[in-house]
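In what follows, a single structure is set out as structure tokens and then discussed.
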Amino acid sequence: MINKTEKAHGIMFHHFHDEGAHITGQGSIDQDQFRKMIVWLKEKYNLLSAKDWYNKALQGNLDRLDTCITFDDNLQCQYDIALPVLEEFDLGAFWFVYSSPLEGVHERLEIYRYFRFSEFQTIQEFYDAFHATLKTSSYQKEVEEGIKDYDFNEFLKGFSFYTEEDKIFRFIRDMILGTAKYYDIMDAMISNSNMDVENIAKSLWINEEGISYMHKTGHIIGLHSHSHPTEMKHLSFDGQLSEYSQCNKILTSI
């Protein structure tokens, strides 16, 4: 189905998988699927390289069928799997990078995602284990009270690809627990597993050399904060400014 919007837009991608280092996870696609998507987009839309889309935007000349490819989170799986396909089509993309991993930080957002899909057969198994861990924690009563405010008709209503279990998990994570308490729960689960965080982290994020290569070969590198807060709007003005200032400083240095 062609998007009926009257405005130009981009198609955003996150996770990719292969038969090697990059595992299959909820919503991930492989190289062949990505290639077929690009072919379809080129048939149905005016699929532009990032620099062309950007220049048309600055000039106010974008058409509603003008479309571009974007990537979030600076993931190595994007570099290894999606970038070669883009090069097949001579197509530049926007890469929105969060920068803390470039300073050696093993950002928990991605570590936790890897844990969910490497240590459990299904996402439901992870959710069951997560709720079981909550029940043995000091946060259980807080969650029981907070979940009363959950409205399945309103929370994340614009994201139809989330299941009800996905939404409940995100509500508990973002609206009840908050960052520190959520980290406590997840770190407790990982400590009881066999996952080697230090080793896994080596395959998760694109390094400075990769970012520099993409910049030099016609892609556009953009800001995506420093530590990737899941609820940026909950930070103060100074907190938000710090997130993007750090990101800008690091990317500019590269």
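Side notes on the structure shown:
- With a 1.4 Å probe rolled over the protein heavy atoms of all chains, the accessible area of Trp95, Trp205, Trp40, Trp53 falls in the order Trp40, Trp53, Trp205, Trp95, largest first.
- Checking every one of the GluC sites (Glu not before Pro) in segment 174-254 against DSSP loop status and a limit of 15 other Cβ atoms within 10 Å picks out Glu231.
- Trypsin sites (Lys or Arg not before Pro) lying in DSSP loop within segment 78-140, provided at most 13 other Cβ fall within 10 Å: none
- Separation of segment 22-47 and segment 68-125, taken as the distance between their Cα centroids, equals 14 angstrom.
- The chain: relative contact order in percent, alpha carbon pairs under 8 Å with at least 6 residues between: 24 percent
- In percent, rounded to a whole number, the relative contact order of segment 18-82 is 35, using alpha-carbon pairs under 8 Å and six or more apart.
- Considering only beta bridges that DSSP places wholly inside the chain, some 5 percent are antiparallel.
- In this simple spin-label model, placing a label point 7 Å from the Cα along the Cα-to-Cβ direction at both Tyr244 and Ser193 gives a separation of 3.3 nm.
- Cross-link partners of Lys7 among lysines (Cα-Cα below 30 Å; sequence separation of 8 or more within a chain): Lys36, Lys42, Lys44, Lys51, Lys56, Lys157, Lys167, Lys216, Lys233
- Accessible-area composition of the chain, carbon plus sulfur, in percent [1.4 Å probe]: 50 percent
- Surface accessible to a 1.4 Å probe, Asp149 within the full protein complex, Å²: 120 Å²
- Segment 133-225 - Debye-derived log10 I(q)/I(0), Cα point model, q = 0.16, 0.23 Å⁻¹: -0.90, -1.11
- Solvent-accessible surface (1.4 angstrom probe) belonging to Leu41, in square angstrom, nearest 10: 10 Å²
- In sequence order, calculated HN-Hα J values of segment 153-161 (Karplus, 6.51, -1.76, 1.60; Hz; x Gly/Pro): 7, 10, 5, 6, 5, x, 10, 5, 7
- Relative protection proxy for 159-166, 118-125, from highest mean packing down: 118-125, 159-166 (other beta-carbon atoms within 10 angstrom).
- Potential extension, Thr179-Leu58 segment - 0.36 nm per residue separation minus Cα distance: 39.9 nm
The values are calculated or read from the model by the stated rules, or taken from the named source; none is laboratory data. Predicted model only: the values in this text are computed from it and were never measured. No Cβ is skipped: glycine too gets one built from the backbone with ideal geometry, and neighbour counts run over all protein chains shown. Remember, those area values only see protein heavy atoms, side chains included, never the ligands or the DNA or RNA. Shrake-Rupley method; radii C 1.70, N 1.55, O 1.52, S 1.80 Å.
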